[in-house]
Amino acid sequence: MATLVSACATITTGSGQTVNVLTDPEGAACIFRRDGAVIGIVNPTPGGLSVTKSHLAIEVDCRKDGFLDAVGAVGRQFQPMTFGNIILGGLIGVFVDAASGATAQYDASVSIRLTPAEFEDALSRDKFFDLQRDTLIDQAKLVKGRITATCQPADCEAQLGLAGNEELRGLERIETMRKSARLKSP
């Protein structure tokens with residue numbers, strides 16, 4: 001029965017798909033890796049890459065002159081506890097495999113915000129990182145809501161705990177980056 005169900009998903013949705021990568025700002029070069037191996041490059045962004053479906057995570061490494069390198073991952077659909085987007089180049093996602101039996105389809109797109117390598121002044125730096133913090137908090141609320149709506153009673157607490165821990169790590173990363181951000185010399 002399990003073989004028939006998994007085969008049905010492959011027949012109806014295919015074994016490949018396109019994943020689009022969007023960066024803010026546009027014009028970055030992004031390398032896609034799965035299990036450590038390069039599976040493709042999008043240069044420049046925005047753009048799409050055709051990938052085969054898998055249960056393995058896809059890591060994305062984006063670079064652009066004048067910005068810090070950003071590393072993230074493509075979320076998987078039908079896993080409601082996954083943050084869909086990557087903020088600040090950090091992995092702001094919870095990849096909990098709830099063994100839901102869902103297909104291994106990846107999210108159709110990943111968005112990565114690149115952090116400037118240097119800011120005009122402390123005010124512009126703080127404005128940038130405050131926006132990142134607020135966005136992360138909003139995404140975390142959405143993720144926790146999806147977990148609560150879809151989790152099994154036996155694993156709700158664990159999934160919510162993982163999401164909360166990931167939110168805290170993301171907030172810590174934002175503050176670490178804020179402190180290390182360079183300001184232009186007067």
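The values are calculated or read from the model by the stated rules, or taken from the named source; none is laboratory data. In this text, all values refer to a predicted model and were calculated from it rather than measured experimentally. All Cβ positions, glycine included, derive from the backbone under ideal geometry; neighbour counts span all protein chains shown.
Inspect all residues belonging to segment 95-111 and state whether any of them is touching a Ser or Thr at 6+ places or on another chain (Cβ under 7 Å), hydrophobic (A, V, I, L, M, F, W, C), at pLDDT 85 or above and in a strand (DSSP E or B). No, every residue in segment 95-111 fails to be touching a Ser or Thr at 6+ places or on another chain (Cβ under 7 Å), hydrophobic (A, V, I, L, M, F, W, C), at pLDDT 85 or above and in a strand (DSSP E or B). Screening segment 143-157 for residues that are assigned to a helix (DSSP H, G or I) and in contact (Cβ under 8 Å) with a residue 12 or more places away in the chain and picking the one that is nearest to the chain's Cα centre (by Cα) gives Val143. Selection of segment 14-59 for residues being touching a Leu at 6+ places or on another chain (Cβ under 6 Å), under 13 Å from Ala73 (Cα atoms) and part of a loop (DSSP other than H, G, I, E, B) yields only Asp35. Scanning segment 122-137 for residues that are touching a residue at least 40 places away in the same chain (Cβ under 8 Å) and β-branched (Val, Ile, Thr) yields one hit, Thr135. Each residue in segment 164-181 was checked for being more than 16 Å from the chain's Cα centre (by Cα) and touching a residue at least 60 places away in the same chain (Cβ under 8 Å), and 2 pass. One residue alone among Thr18, Thr10 is modelled with pLDDT under 90, farther than 30 Å from Thr148 by Cβ and of a type in the set (S, T, N, Q), and that residue is Thr10. The set of residues from segment 22-44 being more than 16 Å from Asp107 (Cβ to Cβ) and in contact (Cβ under 8 Å) with a residue 24 or more places away in the chain comprises Asp24, Pro25, Gly27, Ala28, Ala29, Ile31, Arg33.
Would you point out which residue out of Leu136, Leu171, Leu162 is surrounded by 13 or more Cβ atoms within 10 Å (Cβ to Cβ), over 29 Å from Pro25 (Cβ atoms), out of contact with any Cys (no Cβ under 8 Å at 6 or more places or on another chain) and among the hydrophobic types (A, V, I, L, M, F, W, C)? I'd like the intermediate steps shown before the answer.
Numbers: Leu136 fails: over 29 Å from Pro25 (Cβ atoms); Leu171 fails: over 29 Å from Pro25 (Cβ atoms).
Answer to the selection: Leu162.
Once segment 113-140 is narrowed to residues that are basic (Lys, Arg) and touching a helix residue (DSSP H, G or I) at 6+ places or on another chain (Cβ under 9 Å), the residue that is modelled with the lowest pLDDT is Arg113.
Taking segment 148-186, which residues are in contact with a strand residue (DSSP E or B) (Cβ under 9 Å, 6 or more places away or on another chain) and within 21 Å of Asp134 (Cα to Cα)?
Correct list: Ala181 only.
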